[in-house]
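Take a look at the structure set out below.
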Amino acid sequence: MDMMDPKMLVSAACALGAGLAIGLGAIGSGIGIGVAASKYLESNARQPESQPKNLVWFMVAYALCETQTLFALLISFLLFFKIGG
């Protein structure tokens, strides 16, 4: 049985890692945004007068969740373009 070429093995591992990085990062971000939106709506239902203050904190939480996806995308680009280089 032939062993794989080490360069090909590294390329396959980079491609797999790139796919997993963006996939798991997006799943985590989606869950985080869903939880934040749920709690935001729940807090507005309980105290409608605090809606402007809650909106600010919701936007902060949303931005932090999206940052996770952007970092995952960056990692996947780094891994994917490592294949060519």
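Values in this text are rule-based calculations from the coordinates and carry no lab data. All values derive from a computational prediction rather than experimental measurement. Ideal geometry is used to build each Cβ from the backbone, glycine not excepted, and the neighbour counts take in all protein chains shown.
Site pair residue 5 and residue 77 shows an inter-label distance of 2.8 nm when each label is modelled 7 Å from Cα along Cα→Cβ.
What do you get for the angle between helix 51-84 and the principal long axis of the chain? Use alpha-carbon atoms, 0 to 90 degrees, nearest ten. Approximately 0 degrees, to the nearest 10. A simple spin-label model places the labels of residue 26 and residue 13 2.5 nm from each other, with each point 7 Å out along Cα-to-Cβ.
In straight-distance terms, cross-link reach from residue 7 covers every one of the lysines whose alpha-carbon lies under 29 Å from its own, apart from those fewer than eight places away in the same chain; here that gives 82.
Which FRET efficiency value, to the nearest 0.05, do you get for residue 67 and residue 45 by plugging their Cβ-Cβ distance into 1/(1 + (r/R0)^6) with R0 = 41 Å?
Values: r = 28 Å, r/R0 = 0.67.
After rounding to 0.05, the efficiency reads 0.90.
Placing unit charges on the Cβ atoms only, positive for Lys and Arg and negative for Asp and Glu, gives the chain a dipole magnitude near 180 debye about its Cα centre. Can you give the angle from 0 to 90° between the axis of helix 6-46 and the longest principal axis of the chain, with both taken from C-alpha atoms, to the nearest 10? Approximately 10 degrees, to the nearest 10.
Would you mind classifying the stretch 1-57 by shape? Square roots of the alpha carbon gyration tensor eigenvalues, ordered a ≥ b ≥ c; an a/c under 1.5 is rounded, otherwise it is prolate if a/b is larger than b/c and oblate if not. Present the calculation step by step, with values, prior to reporting the outcome.
On the way: a/c = 12.24, a/b = 5.41, b/c = 2.26.
Prolate shape, in that a/c is at least 1.5 and a/b is the bigger ratio.
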